[in-house]
Amino acid sequence: QVQLVESGGGLVQPGGSLRLSCAASGSIFSIFTMGWYRQAPGKQRELVADITSGGSTNYADSVKGRFTISRDNAKNTVVLQMNSLTPEDTAVYLCNGHWSWMDHWGQGTQVTVSS
């Protein structure tokens, strides 16, 4: 069983930065595609960014050039660096890990961008 625990959310002013981390338990982290999703009130959950086991990355158009996803397989962590944040980035951010039939989610961390 894989458990994912997010950290790093909070309140930030527009234009600011936050760094989200997701720590995974288990010995098979390295094979997972890891991703960050977000869900704002009244909106559908959307993919923000993901990174494959080989390090290939994919970003939503809305965050390209502002967010960076990375992973450290030795530490079982995946990080989302978020820069130039806007109020539209306000949401609960959830960590996801999936491979084949396995699909795991964290509890989420709140990110609020407001002045």
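The values are calculated or read from the model by the stated rules, or taken from the named source; none is laboratory data. Quick caveat: nothing in here was measured; it's all calculated off a predicted structure. Note: ideal-geometry Cβ built from the backbone for every residue, glycine included; neighbour counts use all protein chains shown. Remember, those area values only see protein heavy atoms, side chains included, never the ligands or the DNA or RNA. Shrake-Rupley method; radii C 1.70, N 1.55, O 1.52, S 1.80 Å.
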(message) Name the residue that is most open to solvent (accessible area, probe 1.4 Å), counting only residues in the range 31-45 that are in contact with a strand residue (DSSP E or B) (Cβ under 6 Å, 6 or more places away or on another chain) and assigned to a loop (DSSP other than H, G, I, E, B).
(response) ARG45
(request) Please find, among THR68, THR77, THR90, the residue that is under 15 Å from the mean Cα position of the chain (by Cα), farther than 19 Å from VAL113 by Cα and modelled with pLDDT of 95 or more. (result) THR77
(message) Which count do you get for residues in the range 76-86 that are touching a strand residue (DSSP E or B) at 6+ places or on another chain (Cβ under 8 Å) and outside any strand (DSSP E or B)?
(response) 4
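I'm trying to understand the selection: among the residues of the range 47-75, which are part of a loop (DSSP other than H, G, I, E, B) and either polar (S, T, N, Q) or over 27 Å from GLN13 (Cβ atoms) (or both)?
Matches in the range 47-75: THR52, SER53, GLY54, GLY55, SER56, ASN73, ALA74, LYS75.
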(request) Hey, can you tell me all the residues within the range 87-106 that are of a type outside the set (Val, Ile, Thr) and outside any strand (DSSP E or B)? (result) PRO87, GLU88, ASP89, SER100, TRP101, GLY106
(request) Would you check which residues across the range 46-83 are under 16 Å from CYS22 (Cβ atoms), open to solvent by 70 Å² or more (accessible area, probe 1.4 Å) and among the basic types (Lys, Arg) and list them? (result) LYS75
